[in-house]
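The structure under discussion appears below in the form of structure tokens.
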Amino acid sequence: MLSNSVRGVLLHVKVQPKASNNQICGLENNALKIKVTSPADKSLANKAVIELLSKELHIAKSTILLIKGAKSNHKTFCFLSEPLESLIEKLKRFNTPN
């Protein structure tokens, strides 16, 4: 789910657009499952995921980049300024599979 790269820490995410609420659900098949109310059209769901990650993990939106999967439900985000150990700690509360 998390790995280090040259640019920062990579997080693999499975996104469910058009959900009833915005929520980080937990681990599913080695990815963090995230539900957002926004539709996938015009990258609205991608933006909603970045906003949710920023809010829930207390990380600036400007330091979270979508680097893979712009048009897929399976995405990879890069955290530019957050150490791996810090992200592991912040994500522990979401480790319950849904």
Answer yes if at least one residue in segment 4-13 is assigned to a loop (DSSP other than H, G, I, E, B), surrounded by fewer than 18 Cβ atoms within 10 Å (Cβ to Cβ) and among the small types (Gly, Ala, Ser), and no otherwise.
yes
1 or more residues under 20 Å from Ser20 (Cα atoms) and out of contact with any Phe, Trp or Tyr (no Cβ under 7 Å at 6 or more places or on another chain): qualifying strands (runs of 3 or more DSSP E) within segment 31-92:
31-35, 74-79
Given the condition among the polar types (S, T, N, Q), surrounded by 12 or more Cβ atoms within 10 Å (Cβ to Cβ) and in contact with a His (Cβ under 7 Å, 6 or more places away or on another chain), answer yes or no: does some residue in segment 69-79 qualify?
yes
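So, Ser20, is that one modelled with pLDDT of 95 or more and part of a loop (DSSP other than H, G, I, E, B) or not?
So Ser20 fits the description; yes.
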From the set of residues in segment 18-33 that are in contact (Cβ under 8 Å) with a residue 40 or more places away in the chain and closer than 16 Å to Glu51 by Cα, which is surrounded by the fewest Cβ atoms within 10 Å (Cβ to Cβ)?
Cys25
Taking only segment 80-93 into account, find how many residues are of a type in the set (A, V, I, L, M, F, W, C), surrounded by 14 or more Cβ atoms within 10 Å (Cβ to Cβ) and in contact with a Lys or Arg (Cβ under 9 Å, 6 or more places away or on another chain).
0
Any residue that is modelled with pLDDT under 95 and surrounded by 16 or more Cβ atoms within 10 Å (Cβ to Cβ) - is there at least one of those in segment 51-60?
no
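The values are calculated or read from the model by the stated rules, or taken from the named source; none is laboratory data. The shown structure was predicted, so the numbers you read here are calculated from the model rather than taken from an experiment. Note: ideal-geometry Cβ built from the backbone for every residue, glycine included; neighbour counts use all protein chains shown.
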